[in-house]
Amino acid sequence: MSAESPTRFDRLADIASRYGEASLENYALIRSLAEQLAEGFCKYLGDRKKCVWLVPPEGAWLPQNYGSGAFSVSGKGFLPLAPISFGLAVRVTHTGDWIRVVVSAAKQGPDLDVAIAGGPDFDFRLPLTPERLGEFFDALYAHLTNHFKEAADHFESGSYGGRDIGFDFTHTETEPPAA
């Protein structure tokens, strides 16, 4: 007795399953990067308090743990196989001011391409290494400090209107929850 040959639906289900596995691998890779960035950048800054949180890349946000809600694919149902964005909420003052930096990542062959909105692009050769993460932290720090320096310089020269690079701010009166 011969086995039935697969139907078109069987073949479709098989390829959709392969797509699903790839999209899950993509999400896991980018989420791992995001978590390493959030934890590592706070250490890089040398702050003793929790100073970086993963937050949604768009919409309202507070400096707190959003878990999977921090990623652009959150709530999409079938996990898309596409670049993924997330936000990094970074505390920028001792008095509770935070800025959201939006980061997008996409796997390109053996590399993970990472882009800071309004800032530099960065390529990570996989697997990720502490050295390359350190280089990214240098670039992210320069991006943030340049934003504040350039805005203050423009203000002092009287030409500060219309130079926004996509950051948004929030202020908290109390400390966010512990990590």
Any residue in the range 23-33 that is in contact with a Pro (Cβ under 8 Å, 6 or more places away or on another chain) and either at pLDDT 95 or above or not charged (D, E, K, R) (or both)?
yes
If you check every pair at least six apart or on different chains, which have Cβ atoms under 8 Å apart with a residue in the range 59-86 that is under 15 Å from LEU37 (Cβ atoms) first and a residue that is among the hydrophobic types (A, V, I, L, M, F, W, C) and in a helix (DSSP H, G or I) second?
ALA70/ALA34; PHE71/ILE30; PHE71/ALA34; ILE84/ILE30; PHE86/ILE30; PHE86/ALA34; PHE86/ALA70
Filtered residues of the range 131-153 (kept if open to solvent by 50 Å² or more (accessible area, probe 1.4 Å) and either without any contact (Cβ under 8 Å) to a residue 12 or more places away in the chain or of a type in the set (Ser, Thr, Tyr) (or both)):
GLU131, ARG132, ASP138, TYR141, THR145, ASN146, LYS149, ASP153
Go through GLU135, GLU150 for me and flag whichever is among the acidic types (Asp, Glu), at pLDDT 90 or above and more than 21 Å from VAL55 (Cβ to Cβ).
GLU135
Condition check: at negative phi, open to solvent by 50 Å² or more (accessible area, probe 1.4 Å) and under 12 Å from the mean Cα position of the chain (by Cα). Does GLU25 satisfy that?
no
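To keep it simple, each residue is scored yes or no on (1) within 25 Å of THR145 (Cα to Cα); (2) aromatic (Phe, Trp, Tyr).
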{"position": "PHE41", "(1), (2)": "yes, yes"}
{"position": "ASP47", "(1), (2)": "yes, no"}
{"position": "TRP53", "(1), (2)": "yes, yes"}
{"position": "PRO63", "(1), (2)": "yes, no"}
{"position": "GLY69", "(1), (2)": "no, no"}
{"position": "GLY75", "(1), (2)": "no, no"}
{"position": "PHE86", "(1), (2)": "yes, yes"}
{"position": "VAL103", "(1), (2)": "yes, no"}
{"position": "ASP113", "(1), (2)": "yes, no"}
Pairs, first in contact (Cβ under 8 Å) with a residue 24 or more places away in the chain in the range 5-33, second surrounded by 11 or more Cβ atoms within 10 Å (Cβ to Cβ) and assigned to a helix (DSSP H, G or I), C-beta under 9 Å, six or more apart
TYR27/SER68; ARG31/SER68; ARG31/ALA70; LEU33/LEU133
Can we say PHE78 is of a type outside the set (Val, Ile, Thr), at pLDDT below 95 and either open to solvent by 40 Å² or more (accessible area, probe 1.4 Å) or at positive phi (or both)?
yes
Anything in the range 34-50 that is out of contact with any Cys (no Cβ under 8 Å at 6 or more places or on another chain) and free of Cβ contacts under 8 Å to residues at least 60 places away in the same chain? List them, or say none.
GLU35, ALA38, GLU39, LYS43, GLY46, ASP47, ARG48
For PRO6, are the conditions met, namely being out of contact with any Phe, Trp or Tyr (no Cβ under 8 Å at 6 or more places or on another chain) and surrounded by fewer than 13 Cβ atoms within 10 Å (Cβ to Cβ)?
yes
Quick test for you: out of VAL102, VAL114, pick the one residue that is within 23 Å of LYS43 (Cβ to Cβ) and open to solvent by less than 20 Å² (accessible area, probe 1.4 Å).
VAL114
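The values are calculated or read from the model by the stated rules, or taken from the named source; none is laboratory data. Given the structure is predicted, the values throughout are model-derived calculations rather than measurements. Note that each Cβ is placed from the backbone with ideal geometry, even for glycine, and that neighbours are counted across all protein chains shown. With ligands, DNA and RNA removed, areas are computed over all heavy atoms of the protein, side chains included. Shrake-Rupley method; radii C 1.70, N 1.55, O 1.52, S 1.80 Å.
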